[in-house]
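Chemist: Before anything else, here's the structure in question.
The values are calculated or read from the model by the stated rules, or taken from the named source; none is laboratory data. Keep in mind it's a predicted model, so treat the numbers as computed, not measured. Here the Cβ positions follow ideal geometry from the backbone for every residue, glycine too, while neighbour counts run over all protein chains shown. Quick note on the areas: whole protein, heavy atoms, side chains included, nothing else; ligands and nucleic acids left out. Shrake-Rupley method; radii C 1.70, N 1.55, O 1.52, S 1.80 Å.
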Amino acid sequence: MLNTDSETKAVVFDVGRVIVQWDLRHLVEKVVTDPAECDWVVDHVITLNWHFQHDAGRPIAGMVAERKALFPQYAEVIDAYANRFIETIPGRVPGTAELIQRLHEQGTPLFAITNFGADFWEQFAPTEPVLELFRDIVVSGQEKLVKPDPAIFRHAARRFGYAPAEMLFIDDSPANVQRAADEGWQAHHFTDAATLEADLQQRGLL
């Protein structure tokens, strides 16, 4: 917990690993069944750093064509990444959606900032009803700004219409949480819904 002194007028959530579970391996292991080979593919082919290019706004088509040229033997799993990304999200993080619902019912303004590719966001967003409770969501791939770049927090504050000190930002990444705090936001490092619930209660939000 950081920056707890100000009144909280709005709550801003991350999405992946806070609201829903997310891991590239969930999909890769469906295509590459040998565990050791799956490890290699996640470390060298369908890597987080490569995936983050899409989060930052690079179109998926160019990424996939480039990757298939580099790893032609893994064309099937690269195509799966492009076409079946939703399978990297096996379900909700236990408890978070219920907290969002409770905040919504009490009239708390809810927003989100997520590192998410624009193409994949279009696939995913319609599948998660809790997202409908948010007044606005800043998606990195649409804005071509990614956490923890301070520019995305400044952009979000302008969009959401609250001063950073009036908003509680919740994220599983320590780097993102620290950057938000540096920008003057209240911030919570998410580990599980029970710990978040206790923090929200301490702030008088639940």
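Chemist: For Leu205, are the conditions met, namely being part of a loop (DSSP other than H, G, I, E, B), more than 28 Å from Ile60 (Cβ to Cβ) and open to solvent by 10 Å² or more (accessible area, probe 1.4 Å)?
Modeler: So Leu205 fits the description; yes.
Chemist: Output the qualifying pairs, or none if there are none: Cβ atoms under 7 angstrom, residues six or more apart or on different chains, first residue in region 75-99 and touching a residue at least 24 places away in the same chain (Cβ under 8 Å) and under 19 Å from Val41 (Cα atoms), second residue open to solvent by 70 Å² or more (accessible area, probe 1.4 Å) and hydroxyl-bearing (Ser, Thr, Tyr).
Modeler: Every condition considered, the pairs that remain are Ile86/Thr127.
Chemist: Output the residue which, of all residues in region 114-126 that are open to solvent by 20 Å² or more (accessible area, probe 1.4 Å) and in contact (Cβ under 8 Å) with a residue 24 or more places away in the chain, is nearest to the chain's Cα centre (by Cα).
Modeler: Asn115
Chemist: Let me ask you something else. Of everything in region 78-91 that's out of contact with any Leu (no Cβ under 8 Å at 6 or more places or on another chain) and in a helix (DSSP H, G or I), which residue is most open to solvent (accessible area, probe 1.4 Å)?
Modeler: Asn83
Chemist: Something else: Can you tell me which residues in region 150-166 are surrounded by fewer than 16 Cβ atoms within 10 Å (Cβ to Cβ) and in contact (Cβ under 8 Å) with a residue 12 or more places away in the chain?
Modeler: Matches in region 150-166: Pro150, Arg154, His155, Arg159, Ala163.
Chemist: Among the candidates Lys68, Lys9, single out the residue that is of a type outside the set (Gly, Ala, Ser), free of Cβ contacts under 8 Å to residues at least 40 places away in the same chain and either open to solvent by 50 Å² or more (accessible area, probe 1.4 Å) or under 28 Å from Ala187 (Cα atoms) (or both).
Modeler: Lys68
Chemist: For region 28-37, which residues satisfy the criterion of being in a helix (DSSP H, G or I) and more than 14 Å from Phe71 (Cα to Cα)?
Modeler: Matches in region 28-37: Val28, Glu29, Lys30, Val31, Pro35, Ala36.
Chemist: Let me ask something else about it. Among (1) more than 13 Å from the chain's Cα centre (by Cα); (2) of a type in the set (Phe, Trp, Tyr); (3) not in a loop (DSSP other than H, G, I, E, B), which single condition is Phe111 missing?
Modeler: Going through (1) more than 13 Å from the chain's Cα centre (by Cα); (2) of a type in the set (Phe, Trp, Tyr); (3) not in a loop (DSSP other than H, G, I, E, B) one by one, Phe111 breaks only (1).
Chemist: Another question about this same structure. If only one of Pro129, Pro174, Pro94 is touching a helix residue (DSSP H, G or I) at 6+ places or on another chain (Cβ under 8 Å) and surrounded by fewer than 18 Cβ atoms within 10 Å (Cβ to Cβ), which one is it?
Modeler: Among Pro129, Pro174, Pro94, only Pro94 is touching a helix residue (DSSP H, G or I) at 6+ places or on another chain (Cβ under 8 Å) and surrounded by fewer than 18 Cβ atoms within 10 Å (Cβ to Cβ).
Chemist: Quick one: in region 177-197, of everything that is within 18 Å of the chain's Cα centre (by Cα) and assigned to a helix (DSSP H, G or I), which residue is surrounded by the fewest Cβ atoms within 10 Å (Cβ to Cβ)?
Modeler: Looking at residues that are within 18 Å of the chain's Cα centre (by Cα) and assigned to a helix (DSSP H, G or I), I get Gln178.
Chemist: Considering only residues that are free of Cβ contacts under 8 Å to residues at least 40 places away in the same chain and of a type in the set (Phe, Trp, Tyr), look in region 34-65 and name the one that is farthest from Asn115 (Cα to Cα).
Modeler: Filtering first and then ranking leaves Trp40.
Chemist: Please tell me if Ala82 is in contact with a strand residue (DSSP E or B) (Cβ under 7 Å, 6 or more places away or on another chain) and small (Gly, Ala, Ser).
Modeler: In short, no.
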